[in-house]
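Working notes for the structure below.
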Amino acid sequence: MSIKRFTNLFNQEKRDQLLKNLVDLDGIGETQINSINSFFSNQTNVRIIQNLINELNITNYKIKNTKGKFSNKKLMFTGGFQKMSRSEAKAVAENNGGKVLGTISKKLDFLVVGETKPTKKKIDQAKELKIRIISEKDWDKILNS
């Protein structure tokens, strides 16, 4: 994530596109998305943030670990997991060199499906795009191998 990409939140059209992707994140709902939109729609807030950006020395975020079980792989998670939260599963993937995506696309390597309430639409899209689907049981096997 770069500061330039962050400043896309200042532009309504770009903000709308970014906020669409937040729906797929665990723990983010419409209320939070509406709050973010409202905050960045306020020009006083934007001016304060721009002044902060000018004063601070902000470095771009970089993925720290590029080596691991999921090196150079893109993953997505759906459903609830028995042994860990989805947030923990995402952190495990990133700590093992993977990148977690928020939407199904051809770029995705794996869709990891939790036991509880997985999104059928995501599973169907993954099948259609021939993306490898990993069950929670297989996910655990990969982590413990």
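Only the coordinates and a few stated rules stand behind these numbers; no lab work does. Keep in mind it's a predicted model, so treat the numbers as computed, not measured. Here the Cβ positions follow ideal geometry from the backbone for every residue, glycine too, while neighbour counts run over all protein chains shown.
Near the amide H of V112, under 5 Å away, which other amide H atoms are found, from residues 5 or more places off or on another chain, if H is placed in the peptide plane?
M76, F77, T78, I134
Evaluate the relative contact order of the range 26-145 (contact order divided by residue number), counting alpha-carbon pairs under 8 angstrom at least 6 apart; express in whole percent.
Once divided by the residue count of the range 26-145, the mean separation gives 23 percent.
Would you kindly work out the equivalent ellipsoid of the chain from its C-alpha gyration tensor and give its semi-axes, the square roots of five times the eigenvalues, largest first in whole Å?
After scaling each eigenvalue by five and taking roots: 32, 18, 13 Å.
Kirkwood hydrodynamic radius, computed over distinct alpha-carbon pairs, for the range 3-55: how many Å, to one decimal? If you can, show how the numbers build up before the last one.
Values: mean 1/r = 0.0860 Å⁻¹.
Roughly 11.6 Å, rounded to one decimal.
In whole Å, what is the distance between the alpha-carbon centres of the range 10-49 and the range 85-136?
24
Lysines near K14 by alpha-carbon distance under 23 Å, same-chain residues fewer than 8 away left out - which ones?
Filter leaves K4, K62, K99, K106, K107.
Starting from the 7 Å offset along Cα-to-Cβ, what nm value, one decimal, do you get for the label separation of I36 and N95?
Going from the I36 label point to the N95 one covers 2.4 nm.
Run down the aspartates and glutamates and flag those whose C-alpha is under 18 Å from the C-alpha of K121, throwing out any fewer than 8 positions away in its chain.
D24, D26, D109, E136
Average projected area of the Cα convex hull of the range 38-110, in nm²?
If you wrap the Cα atoms of the range 38-110 in a convex hull and average its projections, you get 7.5 nm².
Using only the Cα atoms of the range 74-143, what semi-axes does the equivalent ellipsoid have when each is the square root of 5 times a gyration tensor eigenvalue? Give whole Å, largest first. Numbers along the way, then the final one.
Details: eigenvalues 59, 40, 20 Å².
Taking √(5λ) for each eigenvalue gives 17, 14, 10 Å, largest first.
Can you give the FRET efficiency to the nearest 0.05 for S2 and T44, using r as the Cβ-Cβ distance and R₀ = 22 Å?
Working from the Cβ atoms, E equals 0.35.
Summing -39500 (n - 2.57) over the DSSP H runs of n ≥ 4 in the chain and dividing by its residue number, what mean residue ellipticity at 222 nm do you reach, to the nearest 500 deg cm²/dmol?
Numbers: 7 runs with 67 residues, N = 145.
-13500 deg cm²/dmol, from helical runs alone.
If a paramagnetic tag sat 7 Å from the Cα of K137 along the Cα-Cβ line, which residues of the range 84-121 would have the backbone N under 18 Å from that point?
Within reach of a label on K137, which here means backbone N under 18 Å from a point 7 Å along Cα→Cβ, the range 84-121 contributes 84, 111-118.
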